[in-house]
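Data first, discussion second: the structure below is written as structure tokens.
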Amino acid sequence: MIGDNVSARLLPVSGSMHLERLSIDIRQLFHTDTDTDTDTDEEQEEESGFNNLSTLPALTHLAFSSQPNPEIVGNVLRSCPKIQILVIAFSASEAKTARRYAKFVENVDGRLVVATATYADYSGDWEMGARGGEDIWVRAEKFIAAKKRGDIEDRATVEGEDDDD
């Protein structure tokens, strides 16, 4: 897990660690040092972000703690074919927004899962997974498997869909 204060420049160094699972704020991944806001700069930032991810050859599970537009989601999944799961995380207080986002991105890719959780859940979820329990990754894997079997409709999911804003 990489926090908000860590530069994406750390990712190439992480490649030798055979990192399989990564949770990151997508703004960190696509941030460059440019101060101007032009289409060329945005294209360079996007290419830089994909290059950063490509330095992680073992990466199979990716989570973004901020919500990118569907085009970026699709580009990330196309440029990183080894990724099995891409989770877009929303806070539990944003459950309605998460449901709308899930409908907006439902046709992007079958590996995409939209999830909600409270901030306290993130650390507890990490610890549960570290101890072999069912964490966000396991729940996302189960959802994708059920979707492939046809047990559920083919769309992105929102964990805790009964929650309201």
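The values are calculated or read from the model by the stated rules, or taken from the named source; none is laboratory data. In this text the structure is predicted, and so the values were computed from the model without any measurement. Methodologically, a virtual Cβ is constructed for each residue, glycine included, from the backbone with ideal geometry; neighbour enumeration extends over all protein chains shown.
Pairing residues of the stretch 91-106 that are under 19 Å from Glu153 (Cβ atoms) and among the β-branched types (Val, Ile, Thr) with residues that are at pLDDT 85 or above and part of a strand (DSSP E or B), at Cβ distances under 9 Å and at least 6 apart in sequence or on separate chains, gives Val105/Ile88; Val105/Leu112; Val105/Val114. Within the stretch 135-155, the residues that satisfy the criterion of being acidic (Asp, Glu) and without any contact (Cβ under 8 Å) to a residue 12 or more places away in the chain are Asp135, Asp151, Glu153.
All of Thr34, Thr40 fail the test of being hydroxyl-bearing (Ser, Thr, Tyr), more than 24 Å from Ala145 (Cα to Cα), modelled with pLDDT under 65 and part of a loop (DSSP other than H, G, I, E, B), apart from Thr34.
Are any residues in the stretch 109-136 assigned to a loop (DSSP other than H, G, I, E, B) and either more than 24 Å from Glu71 (Cβ to Cβ) or out of contact with any strand residue (DSSP E or B) (no Cβ under 7 Å at 6 or more places or on another chain) (or both), and if so, which ones? Hits for the stretch 109-136 are Asp109, Gly110, Thr118, Arg131, Gly132, Gly133, Glu134, Asp135.
The set of residues in the stretch 137-154 being assigned to a helix (DSSP H, G or I) and farther than 20 Å from Gly124 by Cβ consists of Ile144, Ala145, Ala146, Lys147, Lys148, Arg149.
It is to be established whether one or more residues within the stretch 94-108 are in a loop (DSSP other than H, G, I, E, B) and either at pLDDT 85 or above or in contact with a strand residue (DSSP E or B) (Cβ under 7 Å, 6 or more places away or on another chain) (or both). The answer is no; no qualifying residue exists.
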